[in-house]
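**Q** To start, I am sharing the structure in question, which I have written as structure tokens.
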Amino acid sequence: MLRIKCPYCGTREHTEFTYGEDAKRILPDTDASLDVWNTYVFARHNVAGEHLEYWQHTLGCRAWLKVQRNTLTHTISWIGLPQDTPPQPEEECS
Amino acid sequence: MGRYNALNIVWQALQGNQNWQRVWRDPQPKAHYDVIIIGGGGHGLATAYYLAKLHGITRVAVLEKGWLGGGNVGRNTTIVRSNYMLDGNAPFYEHGMNLWRSMAQDLNYNVMFSPRGVLNLAHNKAQYDEYARRGNAMRLNGIDAEILSRDEVLQREPILVTSAAERFPIFGGLLQPQAGNARHDAVAWGYARAADRLGVDLIQNCEVVDFIQQGEKVVGVTTNRGDIYADKVGMAVAGNTSRLTSKLGLHLPIESHVLQAFVTEPYKPVINGVVTYGGGGHFYISQSNKGGLVFGGDIDGYNSYAQRGNLPVFEDVITAGLSIMPSLSRVKLLRNWGGIMDMSMDGSPIIDTGPIDGLYLNTGWCYGGFKATPASGWCFAYTIANNQAHALNKAFTLDRFAKGYAIDEKGAGPYPKAH
Amino acid sequence: MSGFRHHRGRLAEDEIGFSYNGRILPARVGDTVASALLANGIEVIGRSFKYHRPRGVTSCGAEETGALVTIGSGAAAEPNVRATMQLVTAGMQVSSQNCWPSAQFDLLAINNLVGSILPGSPFAAGFYYKTFMWPARLWYQFYEPSIRRAAGMGKVPTQADGDVYDRVNSFCDLAIVGGGAAGLSAALSASQSGLRVVLMDEHASLGGQLLNAPAQQTALDQWRLDTIAALSAADNVILLPNTICWGRFDGNTLAAHEMVDSKVRHNYHKIHAKKIIIASGAIERPLVFANNDKPGVMLASGVRKLLNHYGVAAGKKLLVFTNNDSAYQTAFDYHEQGIQVSAVIDSRQQPSEQLLTACAERGIPVHRQSVVIKAKGWHGVRSVLVAHLGADGVVGPSNSVACDLVAHSGGWTPQVQMASHGGRPPVYNQQLTAFVVDQQAADTWSVGGAQGELGLYAAIDQAVAAAQAACQQLNSHGGDVVKPTQDCSGELNIEPLWRVPAKGKQFIDIQHDVTSADIRQSHIEGFVSVEHMKRYTTLGMANDQGRTANVNALALMAQCQGQSIEATGTTRFRPPIAPVSLGGIGGREVGQHVRPLRRTPMQDWHERQGAVFVETGLFRRAQYYPLTSETIDEAYVREAAHVRTKVAICDVSSLGKIEVVGPDAAEFLDRIYINMFSTLPINKARYGIMLREDGHIFDDGTTSRLADDRYFMTTTTAQAGPVLSHLERCLEIDWPELRVRVSSVSERWAAMAVAGPQSRATLQMAFPDIDFSNQALPFMGVVHGEFQGTQLRILRISFSGEMAYEVYTEAHYGEQVWQHIMAVGQTHEIIAYGLEAMGALRIEKGHVTGAELDGRTTLADVNMQGMASKKKWFVGQNLLQRQGMQDANRPCLVGLQAVDPQQAIMAGSILVTAANATVGCDKQGWVSSMTYSPALNSYIALGFLRDGHQRYGEKLYASYPLQGINVAVEVVSQHFYDPDNKRVKG
């Protein structure tokens, strides 16, 4: 089982959390073009390797967390709050 | 090459089974093909077969990075059905049913398609009404469907001995009698053998690492066995689509997720057809010809390229199963495995040309790809041969998302983990 | 009938009785089913999977391939139990399986006969892919049903299991898998560190292969007993015998089944370990010769353990067949006990002098450089054919040697499954002639037999070193372990013999009837990948997952391909390592407990009133309150009519309730909802719709403003969770600058709708301190009050279309307030109404619910596009502009009235123009919900119809081909009842 260290609650099993989505997506401006919006809603990098993503601690403090996890091994290398950035830029290995 | 039949088996047995021919050749890749199909899974092999058989395109190579049929066609719960409601889906899957029905004879390979029925359980009137809408739409689309009462459901599958402790009592169900199961490996091998006999080169241990482009146009692929050129390059690499298309700078509406499946020890027949359950949790089950109970449930729910799952979904699937089949608690689990699914943004697939010249996409099957194998191959072959979609797959375009024509059977929205 | 009880072994003297196929037989306490059956001289226990050949006991442990039985009967039956792993208990029922009429004489053995007449079997690998195809329908009408009946092993019970299973979550510093000498030593070392240690072993007795040795070898036995005693006494060590550790998952999570068999049948342990030591040992590999599947052919180590631990001689005349040193001990121990050893057949040219001398001293003939080419006998072995092994195969004539027990050993296979879960695949080690893990997963050590170390002292050293390393990484110190005074050499001096080069049915996978010919054939047919061979021949896919078969099969494949075993590789190991019960994994989350049941504060009241309930998500909501012998239809029509004429009350506590608080709350809601909430005055409520990012409708509900910076949102029951997560997501990720907090108050408030012309009068009587007049509390107004000290929040909103109020009160007092309203409402003949009546009322009114908002609908589809504000941006606005979302062809919401008012329009019908809908007809829409309307005295429905608005007055058919029903309907506005909303405002 994945074990996620919530900055507020400590290490918990991932069953307390809900996977959110790709954290590299950034909400476009409200008046951005439809193309930009389509890309935001539908396109995914879907990285095989280090993946920056959101999880919510739904059965805990309900915070949304930013997590860097390897999608090949499930190793979590960094966890922060949504506005934080991981210490090293993730490497996309495809 | 000899045809398979009972006489042939006895004849070979008389020779000590020493004179069987190879099921497919082991060719060296050529420098150029008319069509390259990346991915030697069910969809890729079926595409190659129909390209050769129906469109006369035989200079075709199927490039497989591992062994033929080693992807999701070799690790699924073998369910074959066409119980779809939406018009974008229904004719496509029903065309597939027709191909399933004649597949063994067509391929001269017994893929063991058996229409033992697929039964969706409903647990309240609202669910029953949704199934009714689906069943009625199926009927008007020429697909077989029956709506069953609780008693009829219990009569059909006596293992659903729903004890007094039913949390989500069975209300009724929707049955597609002509749906059922097929032997998954045999589908891959049957298509492989038939394609090979039509001259298609099936090349194993040949991993595509990049595309070769001339200007924008895709004109070939770079592999661990050298560069291979082709007029057209089709992709059927479920689970790995994004990894490859990212080489072209394409970011598709796809997320890769792991789906677990399970099989028990073999037992004497106890479940007649396929039963699916959507009360507390998600669960579907059937019994293989060997006697193993084959079942599965939801995806693990987070992006994954690891072919293994984790315990929470493991437990969830099994508890859901035990809640409708309580006597299975003394049954023993034999094997659990995981496969990588290309989950799309509306739960429906993409079979389309482009978006880059020379490239053809076949992806987004979520966890329903097995049943689609023949129809997908048939339509993808048509699309590659004619540079345009057939009427059956015209709704499965890549640009349907941008244009607002999602085919969302579940109504779950652009959240791949929800489909 | 050759096995017998020879001496006591390590068992107690106490005798118990059990039944086998209806016969009562004696056993000792501590016997396994296998040892007890052998002690009673029973040879054939069941039949094999495909050829239905006789099967007996082949081992003495988890690797058992032959003796599968059914234990118990009825609901308590467990099929496919390995007889070697199941302890006998008094009165236990044991039955043979996969045979008819009996294990001794089985009709389907015809399969075997046919295969034996021809040079090759017509039932060889993959034969079923090549036949049974003409004519097509015979496959599923005849062939397949016959195959299915013949396949499978035991029978699944048909009644619900009465036993209880538990899940156990535990945490430890060090988990040790395997309780042999290595595992015990690791535990003993780590126990001295004070760290928390868990040790699991799948057998009932700890000790692993130490139990193979005679109990008289006191040095070993005493060490084993002392070590177990020390561990049992240590507070920080948990010993779990009878526990199969079957899988390793992410985060160092181990899954294990403990066979408890008392009040709880199995405990399913999820062990979160900081460090893991794998000491799962090695199992013996069979040799491959003709008829090596016959009852009486057993692994040498199993034969030895049966004698020394259980006191059971598996035969009266032993023959040992080996390619290594380890099997000699079996011959020596049998000889020591006075049982005849007819010969040792050793395939090696030069076994060590020491062994040869030892045999000579005991008068045991040794046939060097010889092999058993075939076992003979009708059911069990009665003799073997022995021949000389030359460089290119068997040479010279074969001799018959009489024996009734063949103990064979082809070397040892380290149990690497656990080590390779979550780690790297094992690699072939030529010296060991086996696969081992060369690169361990994080926090993991493999020691002893599991890592190919077969010597006792060496294994202990390895285990202690691993335990100390693990302790050190956890900032602690593992202690030393005193070794037993006697070592057991791990020297095998093995010379690989992957297959005896002779003819006949040589079984590789005994359980699945896969022979060396099958493997050769799969190679000839081009199945060159290991995975292909496995799938084509089904090798390794039986209950034992090919524990004993895999390495032999890989070696044979490599031979066929003319390449090394290393190059051939191995298949991937998947959990579970051994079959485990589904019941254990389910634990107590079965039956009623598969999902928690959510109860509203008034649930008890509904139950007392005899309400009929319906599942809605995790809630079980009151559907209707039947009077004596009333049907559901009668009840809901009565209840709905009552709302329209008098007053009635409905529990709506399951609605999601969210407080939205903060200086930017108004701005936030403006972004979330399609309509304006910043303009909403305090103490007013407004109906709102929110969209998903892709522009489809997400949820709807009424939100009221309690203060400038405080709103009270309600959501639908189904979307309460997703809406809250969505709000939190937007605030934390997209708009962190907004000063807003949201929190779920769903559990805090009980909610009840009081509806009907008398609702105002009723509430005025119930809460006289509050002014319910139209001026003080107009439609969409909010008022606050108290009842006996508990808070009230009353919204004048209506779902039913009548004058109505939603009364919110603190959850703990929900029933009290409800009862108070019921009591006061007697004057106005108040009743309770359920979901079904609520549905009738809202359909009359044209309100939408989940049946309409099914995740595919747009605002325009439900005629709500006018509600979207043009003055602001909101979530979903951008993608709502897509072509397909604006397509004029999209069906939109209409009302449907039955042309014959008494003919029900079925929900789920398809709307068509022809009276008899046929395949391929134009599907113009569908019926989403229906009811009988007491207000209109007619069946009515809501549905979606292409060009719906232009078609009011048109006659269509609601077609329900599933039941051959076609109902004539007229298209009308969705607002059947009081379209001008006069009644709600009155």
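**Q** Equivalent-ellipsoid semi-axes (√(5λ), Cα gyration tensor) for the range B:187-337, whole Å, largest first? Please list the in-between numbers first.
**A** On the way: eigenvalues 311, 85, 28 Å².
Ellipsoid semi-axes (Å, largest first): 39, 21, 12.
**Q** Okay, next question. Please compute, for peptide C:716-729, the average count of beta-carbon atoms on other protein chains lying within 10 Å of each residue's beta-carbon. Don't jump to the answer; show the numbers that get you there.
**A** Working: counts 0, 0, 0, 0, 0, 2, 4, 0, 3, 6, 0, 0, 5, 6.
Taking all residues of C:716-729 together, the mean is 2.
**Q** Here is a further query. If the cut-off is a Cα-Cα distance under 19 Å, which aspartates and glutamates reach C:K374, setting aside same-chain residues fewer than 8 apart in sequence?
**A** Of all the aspartates and glutamates, those that pass the test against C:K374 - Cα under 19 Å, at least 8 places apart if same chain - are C:E43, C:D293, C:D346, C:D392, C:D404, C:D509, C:D513, C:D518.
**Q** Rounded to the nearest percent, how much of the accessible area of the range C:504-568 (1.4 Å probe, protein heavy atoms only) is carbon and sulfur? Walk me through the intermediate numbers first.
**A** Values: 710 of 1410 Å².
Solvent-exposed carbon and sulfur of the range C:504-568 make up 51 percent of the total.
**Q** Semi-axes of the equivalent ellipsoid of the range C:852-935: what are they in whole Å, largest first, if each equals the square root of 5 times a C-alpha gyration tensor eigenvalue?
**A** Working: eigenvalues 188, 61, 18 Å².
After scaling each eigenvalue by five and taking roots: 31, 18, 9 Å.
**Q** Moving on to the next point. Compute the convex hull volume of the Cα atoms of the range C:656-744, divide it by the residue count, and report the result per residue in Å³ as a whole number.
**A** 77 Å³
**Q** Okay, next question. Identify the chymotrypsin sites (Phe, Trp or Tyr not before Pro) of the range A:2-38 meeting these criteria: DSSP loop state and at most 16 other C-beta atoms within 10 Å of the C-beta.
**A** Working: sites: A:Y8, A:F17, A:Y19, A:W37; in loops: A:Y8, A:F17.
Here the chymotrypsin sites (Phe, Trp or Tyr not before Pro) that fit, given the DSSP loop and packing criteria, are A:Y8.
**Q** Between B:G69, B:G56, B:G234, where does the largest GNM mean-square fluctuation fall for chain B, given springs only between Cα atoms within less than 10 Å?
**A** B:G56
**Q** A further question follows. Rounded, prolate or oblate: which fits chain C, taking a ≥ b ≥ c as square roots of the Cα gyration tensor eigenvalues, rounded meaning a/c under 1.5, else prolate when a/b beats b/c? Write out the running numbers ahead of the final one.
**A** Details: a/c = 2.72, a/b = 2.18, b/c = 1.25.
Since a/c reaches 1.5 and a/b is larger than b/c, the shape of chain C is classed as prolate.
**Q** With labels modelled as points extended 7 Å from the Cα through the Cβ direction, what inter-label distance (nm, one decimal) is found for C:E13 paired with C:Q865?
**A** 9.5 nm
**Q** How well do other chains shield peptide B:405-411, expressed as the mean number of their Cβ atoms within 10 Å of each residue Cβ? Walk me through the numbers before you get to the answer.
**A** On the way: counts 5, 7, 1, 5, 2, 3, 7.
Mean shielding count: 4.
**Q** Can you check what the Kirkwood hydrodynamic radius comes to for the range C:888-986, Cα pairs only, in Å to one decimal? Walk me through the intermediate numbers first.
**A** Numbers: mean 1/r = 0.0738 Å⁻¹.
Over the range C:888-986, the inverse of the mean reciprocal pair distance is 13.6 Å.
**Q** Additional query: Can you compute the modelled spin-label distance between C:F4 and C:N493, with each label point 7 Å from Cα toward Cβ, in nm?
**A** Going from the C:F4 label point to the C:N493 one covers 3.4 nm.
**Q** How about the range C:684-788: which trypsin sites (Lys or Arg not before Pro) there are in a DSSP loop, with at most 15 other Cβ atoms within 10 Å of their Cβ? Could you put the intermediate results ahead of the total?
**A** Details: sites: C:K684, C:R686, C:R692, C:R705, C:R710, C:R729, C:R739, C:R741, C:R748, C:R760; in loops: C:R692, C:R739, C:R748.
The qualifying sites are C:R739, C:R748.
**Q** Same structure again: When the accessible area of each residue in the range B:266-288 is compared between its chain alone and the complete protein assembly (1.4 Å probe; ligands, DNA and RNA ignored), which residues differ by at least 40 Å², being lower in the assembly?
**A** So the qualifying set is B:P266, B:Y267, B:K268, B:P269.
**Q** Going Cα to Cα from B:K30, which lysines come in below 24 Å? Please leave out same-chain ones fewer than 8 positions away.
**A** Partners within reach: B:K53, B:K65, B:K217, B:K232, B:K247.
**Q** Turning to a different aspect of this structure: Calculate for chain B the 222 nm mean residue ellipticity that helices alone would give, adding -39,500 (n - 2.57) per DSSP H run of length 4 or more and normalising by residue count, nearest 500 deg cm²/dmol.
**A** Per the formula, -8500 deg cm²/dmol.
**Q** Something else about it: Please compute, over every Cα-Cα pair in the protein assembly as shown, the percentage with a separation greater than 46 angstrom. Please list the in-between numbers first.
**A** Details: 516024 of 1122751 pairs.
Value for the protein assembly as shown: 46 percent of Cα pairs lie more than 46 Å apart.
**Q** Let me ask something else about it. How do C:K270, C:K646, C:K871 rank by accessible surface area computed with a 1.4 Å probe, from largest to smallest? Kindly include the intermediate steps, with their values, before the conclusion.
**A** Numbers: C:K270 15, C:K646 70, C:K871 175 Å².
Ranked from most to least accessible, the order is C:K871, C:K646, C:K270.
**Q** Still on this model: Divide, for chain B, the radius of gyration over alpha carbons by 2.2 N^0.38 Å, where N is the residue count.
**A** Working: Rg = 21.4 Å, N = 419, 2.2 N^0.38 = 21.8 Å.
Cα Rg divided by the expected 2.2 N^0.38 Å: 0.98.
**Q** Next question, about the same structure. Could you run the numbers on buried accessible area between B and C, total for both chains, 1.4 angstrom probe, in Å² to the nearest 100?
**A** Values: alone 18090 and 41080 Å², together 48710 Å².
It comes to approximately 10500 Å² buried between B and C.
**Q** Continuing with this model, one more query. Residues of the range C:504-568: accessible area per residue at 1.4 Å, in Å²?
**A** 22 Å²
**Q** What residues in the range B:105-128 lose 50 Å² or more of accessible surface when the other protein chains are added to their chain alone (1.4 Å probe)?
**A** B:Q105, B:N110, B:M112
**Q** Continuing with this model, one more query. Just how much of C:V899 is accessible, in Å², when a 1.4 Å probe is used and the result is rounded to the nearest 10?
**A** That residue has around 80 Å² of solvent-accessible surface.
**Q** How large is the accessible surface per residue of the range A:3-80, computed with a 1.4 Å probe and reported in Å² as a whole number?
**A** Working: 3070 Å² over 78 residues.
Here the residues of the range A:3-80 average 39 Å² of exposed surface.
**Q** For the interface of B with A, what's the total buried accessible surface in square angstrom, probe 1.4 angstrom, rounded to the nearest hundred? Working shown, then result.
**A** Numbers: alone 18090 and 6270 Å², together 22120 Å².
About 2200 Å² of accessible surface is lost on pairing.
**Q** Accessible area, 1.4 Å probe, largest first: how do C:T322, C:T679 sort?
**A** Numbers: C:T322 0, C:T679 85 Å².
Most to least solvent-accessible, the answer reads C:T679, C:T322.
**Q** Heavy-atom accessible surface, probe 1.4 Å, ligands and DNA/RNA ignored: which residues of the range B:321-349 lose at least 30 Å² versus the isolated chain?
**A** Residues losing area: B:L322, B:S323, B:S327, B:S329, B:R330, B:V331, B:K332, B:L333, B:L334, B:R335, B:N336, B:M345.
**Q** Oh, and also: Quick one: of the DSSP bridges fully inside the protein assembly as shown, what percent are antiparallel, nearest 5?
**A** Of those bridges, close to 75 percent are antiparallel.
**Q** Heavy-atom accessible area per residue, the range C:45-169, 1.4 Å probe: how many Å²?
**A** On the way: 4810 Å² over 125 residues.
For the range C:45-169, the per-residue accessible area is 38 Å².
**Q** Take peptide C:247-255, look around each residue's Cβ out to 10 angstrom, count Cβ atoms belonging to other protein chains, and average those counts. Working shown, then result.
**A** Numbers: counts 5, 0, 9, 13, 12, 2, 6, 0, 4.
Taking the mean over all residues of the peptide, I get 6.
**Q** If the cut-off is a Cα-Cα distance under 18 Å, which lysines reach A:K24, setting aside same-chain residues fewer than 8 apart in sequence?
**A** A:K66, B:K417
The values are calculated or read from the model by the stated rules, or taken from the named source; none is laboratory data. Only a predicted model underlies this, so the values are computations on that prediction, with no experimental measurement involved. Don't worry about glycine lacking a Cβ; one is built from the backbone with ideal geometry, like all the others, and counts go over all protein chains shown. In case anyone asks, the SASA skips ligands and DNA or RNA and just uses the protein heavy atoms, side chains included. Shrake-Rupley method; radii C 1.70, N 1.55, O 1.52, S 1.80 Å.
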